[in-house]
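The values are calculated or read from the model by the stated rules, or taken from the named source; none is laboratory data. Since we're looking at a predicted model, the values are computed, not measured. Using ideal geometry, Cβ is built from the backbone for each residue, glycine included, and neighbour counts are taken over all protein chains shown. Quick note on the areas: whole protein, heavy atoms, side chains included, nothing else; ligands and nucleic acids left out. Shrake-Rupley method; radii C 1.70, N 1.55, O 1.52, S 1.80 Å.
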Amino acid sequence: MAETKTVHSPLVTYFSMLSLLTLCPPFVILLWYTMVHADGSVCQTWDYLKQHGLQGFINIWPRPTAIAWKIIACYAAFEAALQLLLPGKEVKGPISPEGNRPVYKANGVAAYVVTLVTYLSLWWFGIFNPSIVYDNLGEIFSALIFGSLVFCVFLYIKGHLAPSSTDSGSSGNMIIDFYWGLELYPRIGKNFDIKVFTNCRFGMMSWAVLALTYCIKQYEQNGKVADSMLVNTILMLVYVTKFFWWEAGYWNTMDIAHDRAGFYICWGCLVWVPSVYTSPGMYLVNHPVNLGLQLALYILAAGILSIYVNYDCDRQRQEFRRTNGKCLVWGRAPSKIVASYTTTSGQTKISLLLTSGWWGLSRHFHYVPEILAAFFWTVPALFNHFLPYFYVIFLTILLFDRAKRDDDRCRSKYGKYWKLYCEKVRYRIVPGIY
């Protein structure tokens, strides 16, 4: 059994864990309330809470309703069925610390297309109006908060009693185990991968579904869609399309290959992604901004370029790994470092570290276009309120922390080779600055 390791100091780990466990759920509700009922104004929400105190906060917290549970259950069951039943190529994940190699079915693009076509068809043929989702958004978020906490408890118990592989284990501390998770690759049966479901098919898919929901709600409300909402929706959909196109590559990233299935990842994908990641669109529903054709096209082009660069960074590294370094990077042979490392079972393995192309600019350059893309799909809201930009700020903090955790993990994994790599690629994220 592998032990759980924490990257930050124990004090920082405890503080961040306890604050996230206690502060994230109420924040999701306050974010929704401010966007939908307080004109997007933090000051208005603050004044309300100052006036009414804790009781006021309890009053604005919606109780989960039967319709909210029904919407979540239908959506979750539909996505789980698509994950299991749609055909897809067999893809192998990276070799785990315990020497296991998970096998996935890559049917993300098919699931994405089927989901969006189904959702739009239900609206188009008058079977289900997506406005119902927006009108019950508070109740849905509330149900997700409680439902996902129960789900995380299930993961904790499963990790102790019936782990799916040897890539699991306890730190000996209940809070750390609940927060970081016990299992790296939890599955139900042989084929249903829980992290693929929570991260990709529930979390990322809900981003696209809600982006469309906000757009349709504005159309139903005003009889038209503002160009700001169109730019926001198109960029979010392009980003999520890119994600599913590259989903098999995502299975090699830190989220899947290194972070275990606990509150941090699973609750984050089930609740935080649908509420916080979609929040710029949630704001725009009641705040249509008329950008004018020229500005709208400029923002759209800048956003699409950012998403393309983000995709190309990932594609470049994936191609480099797939061909074992025998490929062209920006038209020439790649420069690389051949690094050896030892698995926990004592086997010696070889990894190639790419040091040219996008990956020669900085060790995590792909985070730069990702943050820029988030800025470009938020900026149609302009600058009347600060709250729509919360996601961009959150994403920046998240990615800078992830870069640090990834560097620390690679330093302990590769030792002297990582030192050599850092000498060659000096900057962590922003070339020339950081």
Place +1 on the Cβ of every Lys and Arg and -1 on the Cβ of every Asp and Glu in the stretch 8-288, take the dipole about the Cα centre, and give the residue among Val12, Tyr112, Asn59 whose Cα lies farthest towards its positive end. Tyr112
So what's the back-of-envelope 222 nm ellipticity for the chain, counting only DSSP H runs of four-plus at -39500 (n - 2.57) apiece and dividing by all residues, rounded to 500? -19000 deg cm²/dmol
Explain nothing, just compute: Karplus ³J(HN,Hα) = 6.51 cos²θ - 1.76 cosθ + 1.60, θ = phi - 60°, for every residue of the stretch 375-391 in order, whole Hz, x for Gly and Pro. 5, 6, 8, 9, 4, x, 6, 6, 10, 5, 9, 7, 4, x, 8, 4, 4
If you find the alpha carbon centre of the stretch 257-335 and of the stretch 12-90, how far apart are they in angstrom? 23
Expressed as a whole percentage, what fraction of the accessible surface of the stretch 74-116 belongs to carbon and sulfur atoms when a 1.4 Å probe is rolled over the protein heavy atoms? 68
Shape of the stretch 257-309, Cα gyration tensor, a/c cut at 1.5: oblate
Which value, in Å² and to the nearest 10, is the accessible area of Cys74 when all protein chains are kept and the probe is 1.4 Å? 90
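Given 0.36 nm per residue, what is the gain on full extension from Lys419 to Ser351 after removing their alpha carbon distance, in nm?
That works out to 23.0 nm of additional length.
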From most to least accessible, 1.4 Å probe, no ligand or DNA/RNA atoms counted, Val42, Val392 line up as Val42, Val392
Between Leu297 and Leu328, with labels modelled 7 Å along Cα→Cβ, what's the label distance in nm to one decimal, could you check? 3.3
To the nearest 20 debye, what is the magnitude of the charge dipole of the chain about its Cα centre, counting +1 on the Cβ of each Lys and Arg and -1 on the Cβ of each Asp and Glu? 1520
Among (1) 1.01; (2) 0.96; (3) 0.99, which is the computed Rg/Rh (Cα atoms, Kirkwood Rh)? (2)
Which of the residue pairs Lys158/Lys195; Lys70/Lys190; Lys349/Lys419 have a Cα-Cα distance greater than 20 Å in the structure shown? Lys70/Lys190
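Order the following by accessible area, largest value first: His258, His364. Probe radius 1.4 Å; ligands, DNA and RNA are ignored.
Sorted by accessible area, descending: His258, His364.
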How much area per residue is accessible in the chain when the probe is 1.4 Å and only protein heavy atoms are counted (Å²)? 46
Nonlocal amide H pairs with Ser335, under 5 Å, H built at 1.01 Å: Thr355, Ser356
